[in-house]
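K.L.:
Supplied in C-alpha cells, the structure appears directly below.
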Amino acid sequence: MKNKGVTVLGIVWRFVIAIPVMLVIMLWPAGSWYFYEAYIYTGVQMCFSGFLAIWLYKNNKRLLEERLKKEMPKECYEKIMAGPFFLSMVAIPVVAGFDFRFGWSEMCLYWQILGGGLFLVSAILMFLVMRENTFLALTTKVQDDHKVISTGPYSVVRHPMYSSVLMMMPGISLLLGSFCALIPSVIAVGLLLIRTYFEEATLKKELKGYEEYSKKVSSRVIPYVW
C-alpha cells in the first residue's frame, strides 16, 4: 500500500486530525456549537479533499506525494510570502467565526448559495488542473522531467490552479455567511497574484518552452483579462 511514503493509513490520519482542527478554528471564535455553516463547510471541504486524495492515490501517486510533501520553498519571494498567505487563509474561517459571534454581517441565504456555487466551480477546476498537470508542486520548482503543460485548463490560462483559488477563497467566506471574511480572502488572492508575477519569471528562465507557451496563452489567471 506504499508509494514513495504515501499510505492509505497516512492519508486517513491526516483527515482524522484535520476535521477537529477545522471545527475548532471556526467554533471557538464563534463561541457556539450552533455555527452550522462551520459543519457544512467542513463536510464539503472534507468530501472534496477525500475525493481528490482517492483519485490521486489510484491515478497519480506521484502528484499526491508531491502535494503532501513538507518542503521549504527555494525562491526568496515564496519564503517571504508563505507566512502572510498562510495566515490570511487561516484568518478566513476565524473571522467568520467571530462574525457569527458578534453579528457583524447580515447575509441572506442567496449569498451563501453563491458562495457554495463558487466553491463547487473552483473545486471542479482544481480537479481538472490536477488531472492535467502531474508537475503541480506546492513550491515553484522545475522537476527533472518537467515539461510545459498546454492542454485542458492550461490552454485557457497559464495558472488555472490560481484561477480556482481566486474563486474558492471568497466562496468560502460567503459559504460561512461572513462578508467580513472577504477581507482576508482578498488579501490571500492578492498575495497569490503577486506570487504569479515572480513565478512567471522563474518558469521563463528555467523551464524549457515556457516562454513560447506564455506567448501562445496570453492570460495568466483570468481569461481574456489578466
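K.L.:
Being under 21 Å from the mean Cα position of the chain (by Cα) and touching a residue at least 24 places away in the same chain (Cβ under 8 Å) is the filter here, so list the residues in the stretch 29-44 that pass it.
P.N.:
The answer is E37, A38, I40, Y41, V44.
K.L.:
Let me ask you something else. Out of K69, K61, I need the residue that is charged (D, E, K, R), under 19 Å from M126 (Cβ atoms) and in contact with a strand residue (DSSP E or B) (Cβ under 6 Å, 6 or more places away or on another chain). Which one?
P.N.:
The unique qualifying residue is K61.
K.L.:
Testing T139 on (1) modelled with pLDDT under 85; (2) in a helix (DSSP H, G or I); (3) under 15 Å from the mean Cα position of the chain (by Cα), one condition comes back false. Which one is that?
P.N.:
(2)
K.L.:
OK, next. Step by step: first the residues of the stretch 142-159, then only those that are without any contact (Cβ under 8 Å) to a residue 40 or more places away in the chain and assigned to a helix (DSSP H, G or I), then the one that is farthest from V44 (Cα to Cα). Which residue is that?
P.N.:
This residue is G152.
K.L.:
Suppose we keep only residues that are small (G, A, S) and out of contact with any Phe, Trp or Tyr (no Cβ under 6 Å at 6 or more places or on another chain) within the stretch 134-152. Which one would you say is nearest to K208 (Cα to Cα)?
P.N.:
It comes out as A137.
K.L.:
Being surrounded by fewer than 18 Cβ atoms within 10 Å (Cβ to Cβ), part of a helix (DSSP H, G or I) and modelled with pLDDT of 90 or more narrows it down to one residue among G50, G97, G83; which is it?
P.N.:
G50
K.L.:
Could you grab the pairs with beta carbons closer than 7 Å, sequence gap of 6+ or different chains, first residue in the stretch 104-126 and of a type in the set (V, I, T), second one buried (at least 17 other Cβ atoms within 10 Å of the Cβ)?
P.N.:
V121/M167
K.L.:
Here's a follow-up. When you scan the stretch 205-221, how many residues do you find that are surrounded by 13 or more Cβ atoms within 10 Å (Cβ to Cβ) and either under 19 Å from S163 (Cα atoms) or among the basic types (K, R) (or both)?
P.N.:
Total satisfying the criteria: 7.
K.L.:
Take L125 and tell me if it is part of a loop (DSSP other than H, G, I, E, B) and under 12 Å from the mean Cα position of the chain (by Cα).
P.N.:
no
K.L.:
What is the residue count in the stretch 158-188 for residues that are aliphatic (A, V, I, L, M), crowded, with 21+ Cβ neighbours inside 10 Å and over 23 Å from M72 (Cβ atoms)?
P.N.:
Residues in the stretch 158-188 being aliphatic (A, V, I, L, M), crowded, with 21+ Cβ neighbours inside 10 Å and over 23 Å from M72 (Cβ atoms): 8 in total.
K.L.:
Starting from the stretch 1-28, keep only residues that are exposed (fewer than 14 other Cβ atoms within 10 Å of the Cβ) and assigned to a strand (DSSP E or B), then list their pairs with residues that are of a type in the set (D, E) and at pLDDT 80 or above whose Cβ atoms are within a distance under 7 Å, requiring at least 6 positions of separation or different chains.
P.N.:
N3/E65
K.L.:
Further question on the same structure: Take the residues in the stretch 145-157 that are closer than 19 Å to A201 by Cα and of a type outside the set (S, T, Y); name whichever of them is surrounded by the fewest Cβ atoms within 10 Å (Cβ to Cβ).
P.N.:
Ranking the candidates gives K147 first.
The values are calculated or read from the model by the stated rules, or taken from the named source; none is laboratory data. Here the structure is a predicted model, which means the values were calculated and not measured. Using ideal geometry, Cβ is built from the backbone for each residue, glycine included, and neighbour counts are taken over all protein chains shown.
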